[in-house]
Structures are given as C-alpha cells and as structure tokens.
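Below: the structure, in structure tokens.
Bear in mind these aren't lab numbers, they're just calculated from the coordinates by the rules spelled out. Everything quoted here is computed from the prediction, not taken from an experiment. In this analysis, Cβ positions are derived from the backbone assuming ideal geometry, glycine residues included, and neighbour counts consider all displayed protein chains.
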C-alpha cells in the first residue's frame with residue numbers, strides 16, 4: 001500500500017476544502033439554520049410531534065442526511081474532475097498508485113469533509129431543539145457508511161462528467177428530490193396507503209430511516225434493512241470504480 005501517495009492526495013484535497021471555508025462550511029450550516037427556521041418554527045408550530053418526537057427534533061436526521069449526501073457527492077466529484085479539467089490526471093494515473101489507492105485518497109478526503117459538515121450541523125441543531133442520540137455508535141456508523149458510499153458515487157460522477165454543468169445534475173436534480181421524498185421532513189407512515197408502498201422504492205428513505213432510528217428509536221423500515229441497503233450500494237460503487245479503472249472509461253480522453 002502506497003500510503004505516501006494516498007496521504008498526498010488526501011492532504012491536497014483537504015487543503016482545498018479549508019481554502020474555500022465559506023462555501024464548504026458556512027454555506028451548508030447557514031442553509032440548515034434556515035431550514036430550522038422555516039420547517040422547525042413555522043411548520044413545527046402546527047405539527048407538535050411525529051411518532052412521539054417533537055417535530056423540530058424529528059427533522060434533524062433528515063437535515064443532516066440532506067447536507068451529508070450533497071457534500072459527499074459534490075466534494076468527491078469536483079476532486080477528481082479538476083485534474084481531468086486541468087490535464088493533470090494523466091500524471092496522477094501514471095503514478096505508482098493502484099486504483100484503490102487513488103480512490104482511497106480522493107474518497108477519504110471527500111468523506112472527511114462531509115462528515116465535518118455533518119457534525120457541525122448536529123452541533124448547530126442543539127441550539128434550536130432539545131436533542132438526544134439514543135444510539136451514538138449506530139449514528140456514527142450510519143454517518144460513516146453514508147459518507148463513504150456517496151463519496152464513491154461522487155467520484156464516479158466526477159469521472160463521468162465532461163462539463164461543470166454535468167457535475168450538478170445528480171446532486172441537484174436527483175439527490176435533493178430523493179431526500180425530500182425520502183422522509184426527511186415527515187414519516188412515511190403519514191402518507192396515504194399507496195404512497196407508503198411507492199416511497200419504499202426510494203433508496204434514500206433507508207438512509208434517513210436508519211439514521212433517525214439511531215436518534216429516536218423510530219424508523220420507517222427495519223434498521224437491518226437500512227444497513228443492508230447501504231452496504232449493497234457501497235459494494236456496487238466499488239465494483240463500478242474498479243471496472244472504470246480496468247477499462248480506462250472516461251480516463252483516457
């Protein structure tokens with residue numbers, strides 16, 4: 001394992017993160033504060049509790065997941081896209097690094113960035129609501145697995161994208177709607193009968209449900225199923241990246 005190469009990629013990506021602190025940290029935290037004001041205060045005044053949990057606290061896991069998914073995908077996608085855009089990717093891919101080591105450097109940095117933001121959002125939520133985490137270990141596990149799996153997805157997106165516009169397609173037009181439709185601000189049990197079945201096909205529902213269970217011990221789907229869904233998605237992303245590096249798809253052009 002070429003740890004020196006991995007650390008070099010990781011440190012470079014992290015330094016870029018802290019150079020753009022307002023965009024990387026302040027913006028997502030401020031957006032979360034606005035969500036608390038709009039949803040927690042305005043809607044929370046009309047909906048006191050959901051499944052026995054105060055509404056302001058109930059939406060915290062959904063807000064964290066919304067930011068975590070967006071940050072994981074965006075950081076990883078831009079991280080690998082810029083070397084392609086500047087033409088330095090050939091130097092990177094001809095270095096004595098395996099595909100796993102290159103991926104580990106970029107994805108590790110992207111996951112670290114998104115986890116950093118997620119922790120800040122959780123800390124910020126304590127200012128607005130009375131929050132307790134029933135299962136801290138499982139909360140951390142869900143955060144780690146989600147950050148890693150969606151950073152891998154972002155890495156794939158960064159390799160696939162040919163323009164800056166394409167980098168924003170998945171986060172803006174796919175992930176955000178899936179989060180809003182995945183129970184970020186409500187429980188799936190509140191939906192009409194047929195929609196409770198339809199929403200089960202939304203993969204983000206399993207992430208939010210499992211993470212919410214670690215806070216309040218309430219979930220829309222079994223926790224084991226949520227963990228299984230994340231594990232399968234993680235393995236699928238690793239398989240796709242392995243295939244990309246073996247074939248050189250979008251790396252040689």
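Rg and Dmax in Å for the stretch 3-247, alpha carbons only: what are they?
Every Cα atom of the stretch 3-247 included, Rg and Dmax give 18.4, 59 Å.
If you take the beta carbon distance between residue 30 and residue 94 as r and set R0 to 25 Å, what does 1/(1 + (r/R0)^6) give as a FRET efficiency, to the nearest 0.05?
0.05
Using only the alpha-carbon atoms, how far is helix 203-216 inclined from the longest principal axis of the chain? Give it as 0 to 90 degrees, nearest 10.
That works out to roughly 60 degrees.
Given the peptides 221-231, 154-164, arrange them by the average over their residues of other C-beta atoms within 10 Å, most packed first.
By packing density, highest mean first, the sequence is 154-164, 221-231.
Which order do the peptides 131-141, 210-220, 60-70 come out in when sorted by mean C-beta neighbours inside 10 angstrom, highest first?
Output ranking for 131-141, 210-220, 60-70: 60-70, 210-220, 131-141.
Take residue 123 and residue 238, extend 7 Å from each Cα along the Cα→Cβ direction, and tell me the distance between the two endpoints in nm.
Simple spin-label model gives 3.1 nm for this pair.
Which whole number in µm²/s is D for the stretch 146-253 by Stokes-Einstein, with the Kirkwood Rh taken over Cα pairs at 37 °C and 0.692 mPa s?
214 µm²/s
How far is helix 223-247 tilted off the main Cα axis of the chain, in degrees rounded to 10, range 0 to 90?
With both axes taken from Cα atoms, the answer is about 20 degrees.
Specify the angular offset, from 0 to 90 degrees and rounded to the nearest 10, of the alpha carbon long axis of helix 60-86 from the longest principal axis of the alpha carbons in the chain.
Roughly 10 degrees, rounded to the nearest 10.
Fewest to most neighbouring Cβ within 10 Å: what's the order for 125, 72?
125, 72
Counting other beta carbons within 10 Å of each Cβ, put 51, 165 in order, fewest first.
Placing the least packed residue first, the sequence is 165, 51.
Divide by every residue of the chain the summed helix terms, -39500 (n - 2.57) for each DSSP H run of at least 4, and state the resulting mean residue ellipticity at 222 nm, rounded to the nearest 500 deg cm²/dmol.
Helix-only estimate at 222 nm: -22000 deg cm²/dmol.
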